[in-house]
């Protein structure tokens, strides 16, 4: 029986377990990345492990999220990360060099290699044929220290692409169609693998757009073959020596298979407030808009922005629309400047932002109250833009650009025939904003620079014998990490300060939660399906830990968040019978009697609702290693014990 692309890479990297679907495996990690919103905590965790130099082939620390420096906090974090990188063998991508996933694709990602990053959109590198996963910062720290990364061996999903995209229909429309078919929870526990003749019509940046938003499916990762198109892209980046061919065997077996005819796709939009709430632009009609934002790790490549510049050239942005554009990297920015395309954007009235995440993470450019904003980003969760009552639509750069001119949501096919856009044979290569680490013999003398906003990792304790506490919060389905621990310019600067950050926990759902959780001392949280979807931010577990949350009980979890809860020492429990969700109300007193013994002996978990006088069976499917992490009180405690 043949192997899929993902199975081939996993087979080459597996160090613990067997490739049996549904069981836990440990894989060797070749590369890691961090960004500054999650990186400070990841490096505090790495420092706590006592490892002198990273053990990976290449680890890169990026500054791209918290670049708005309205106080000392972000600048201090950047300085801390830079000094940690210099001391411990990590390459440091300075602020202004670009968005981590765009730069990683350009300069570091390699077909057939494993990559984990403390950002959920790390699967972007799947567009070049890497097995790339988003992970919590602690998982990344362990990998940097030479430890394996553990995942559940995923199911394999094949998406056959046939035909070729029509003029002005783009890769963004492909992934929006996949989201429409599978939904935001359809990829949980799965690898999404693309194949078929249609793949040959897609450039590496287009493939990366598709794998980037595979994160919104909840997938473990998404991946494309590494073929001649991949080789040409890497050669143009001066990295042809890193290329290798990689494809699925003809007799590879998939758990699910779907076919999408590219020629039948139309321009689409994901409507508020979920990436899978997808309709065609024509179905939605000419909605009046207030703002357009083009960029993010999804659609900020040179390929994307050359199309935008062509559409805007010689025209003027509609007077009722604010247009902001962020090139994805210094390479993209500079090449746009040299070919004159940047001038076309400026002439049209676009506001040019720095090469960073910016509006996508709520760091500036919030829409007006009740404003309608078209964005080429990957998420449109309620409040993520910084304006809670805004309507955020996710669209392609082509839809965004033409709509910025008309002032209403517009189908770019009205532009007529599309010229041919081609990637350059040689990209402009200048890595002067990537600082290499100090040589090992000098690293010991490097001083770690930490500011007053950087606080220690929250203290974790081994699992208690029994847990008795109130249900302090009950929430519904598809709760995102933005609900649990919001992003935005007001909050992101405190990602290295858990005590301060705690006052915003679950603020989107219930502003009283932090105060009530502190008063309770210990507590339970109850949720619905796909709890914790979205970002890989481990703060969505660390802050509840700090506030005394001992267990989260849901109908189902998103993959990364469940791992982060385990890493934090918080019990992730699911209802055996989903209808039992209705048997718990906020304020009920709950008890997990003899829970430590139950977990140790792998016995069925029974929750007592003392308020209602009933018992509820729960599932606590923990592997041997995950069980030991929970018993130890989290991954950091577990790692320290293993290293004694």
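The values are calculated or read from the model by the stated rules, or taken from the named source; none is laboratory data. Please read these numbers as outputs of a predicted model, since none were measured by experiment. Here the Cβ is made from the backbone with ideal geometry for all residues, glycine too, and neighbour counts use every protein chain on show.
Filtered by the rule that a residue be closer than 24 Å to residue 364 by Cα and in contact with a helix residue (DSSP H, G or I) (Cβ under 9 Å, 6 or more places away or on another chain), the stretch 77-91 gives 77, 78, 80, 81. Would you call residue 608 over 25 Å from residue 189 (Cβ atoms) and surrounded by 15 or more Cβ atoms within 10 Å (Cβ to Cβ)? Taking the combined requirement at face value, the residue satisfies it. Determine, yes or no, whether residue 453 is more than 17 Å from residue 584 (Cβ to Cβ), touching a residue at least 40 places away in the same chain (Cβ under 8 Å), surrounded by 17 or more Cβ atoms within 10 Å (Cβ to Cβ) and outside the structural domain of residue 542 (by TED's automatic domain parsing). In short, yes. The residues on offer are 359, 367, and the sole one that is in contact (Cβ under 8 Å) with a residue 24 or more places away in the chain, more than 24 Å from residue 423 (Cβ to Cβ) and assigned to a helix (DSSP H, G or I) is 359.
Yes/no matrix, rows are residues, columns are (1) within 19 Å of the chain's Cα centre (by Cα); (2) under 16 Å from residue 6 (Cα atoms); (3) assigned to a helix (DSSP H, G or I):
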{"residue": "172", "(1), (2), (3)": "yes, no, yes"}
{"residue": "192", "(1), (2), (3)": "yes, yes, no"}
{"residue": "199", "(1), (2), (3)": "no, no, yes"}
{"residue": "206", "(1), (2), (3)": "yes, no, yes"}
{"residue": "209", "(1), (2), (3)": "yes, no, yes"}
{"residue": "213", "(1), (2), (3)": "yes, no, yes"}
{"residue": "222", "(1), (2), (3)": "yes, yes, no"}
{"residue": "229", "(1), (2), (3)": "no, no, yes"}
{"residue": "233", "(1), (2), (3)": "no, no, yes"}
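For the stretch 563-583, the candidate set comprises residues that are out of contact with any strand residue (DSSP E or B) (no Cβ under 7 Å at 6 or more places or on another chain) and assigned to a helix (DSSP H, G or I); within that set, the residue that is farthest from residue 526 (Cα to Cα) is 567. In the stretch 116-138, the qualifying residues are those that are assigned to a loop (DSSP other than H, G, I, E, B) and closer than 18 Å to residue 14 by Cα, and the one that is modelled with the lowest pLDDT is 135. Scanning the stretch 520-552 for residues being more than 17 Å from the chain's Cα centre (by Cα) and assigned to a loop (DSSP other than H, G, I, E, B) gives a total of 7.
Count of the stretch 139-170 residues, restricted to those that are in a strand (DSSP E or B) and farther than 30 Å from residue 43 by Cα, is 8. Exactly one residue among 380, 368, 430 is assigned by TED's automatic domain parsing to the domain that holds residue 311 and surrounded by fewer than 16 Cβ atoms within 10 Å (Cβ to Cβ), and that residue is 368.
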